[in-house]
Amino acid sequence: MKILSFDGALGEFELTLLDGERSLATRSVGAKRALEAGLRALAEILDEAKLAPQALDRLAVGLGPGGFTGLRIALAYAKALAFAWQLPLVGISSFDTLSFGETGSPQLAVVAGRPGVISARLRSASSEARASGPIAEVLAELLPTPLPGVLAVVGAPEGVLAALAERGQSVNPNPSPTHPSLAIAHLARIAQPAASPHALVADYGEAPAAKIAARA
């Protein structure tokens, strides 16, 4: 299965072309340059792999939470191309992207937003919960008391790890994927495509800036 994936939520605006389990090419540009450079990166990645759009089986895109500008542009590109090329489109959560290949449980996946603000998902074998907002509030909601044993943590910046340590939580921090779009492509091999590209919506995650300011 040949999959072209997009991500703009977790840093760079990035594309990966995957054929089965083999990565054929990856391109990335700064999220703020995605509107100008995105189409060129798309043309380059198809040219490098010597593939026409008609050879693709599906498209995939990161849905967030994550950076507002890059996420919005990546989703717009993916939707437009899915319609233009008549290809199924798969949406993948940033939490699943960060957790790709990590098997520890319970697991906390963290997407950093504006300074001091995060979106996080706590998942165990039997439950799942998520929250967004200031670091202290999110951790208090998801982890009101330390969990027994070791908590696997993915994507967390140093501020979150320090806050977890202050709360007495033992953690095993794991690195984020080097190329989020590659993780998205792998996840899209087994995920169900959306009934329509219109059905996919961005998950911006964090509380609105006005709400955060009101709490301060």
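The values are calculated or read from the model by the stated rules, or taken from the named source; none is laboratory data. Computed from a predicted model, the values in this text were never measured in an experiment. Neighbour counts are summed over all protein chains in view; Cβ atoms, including those assigned to glycine, are modelled from backbone coordinates with ideal geometry.
Brief remarks on what is shown
- Residue within the stretch 73-93 that is more than 16 Å from P197 (Cα to Cα), small (G, A, S), touching an Asp or Glu at 6+ places or on another chain (Cβ under 8 Å) and in contact (Cβ under 8 Å) with a residue 60 or more places away in the chain present: no
Listed here are the residues, each with its yes/no results for (1) modelled with pLDDT under 95; (2) touching a helix residue (DSSP H, G or I) at 6+ places or on another chain (Cβ under 7 Å); (3) surrounded by 14 or more Cβ atoms within 10 Å (Cβ to Cβ).
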site	(1), (2), (3)
E12	yes, yes, yes
L18	no, yes, yes
E21	yes, no, no
A31	yes, yes, yes
E36	yes, no, no
L39	yes, no, no
E44	yes, no, yes
D47	yes, no, no
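- If you go through the stretch 158-186 and keep only what is more than 15 Å from the chain's Cα centre (by Cα) and not hydrophobic (A, V, I, L, M, F, W, C), you end up with E158, G159, E166, R167, G168, Q169, S170, N172, P173, N174.
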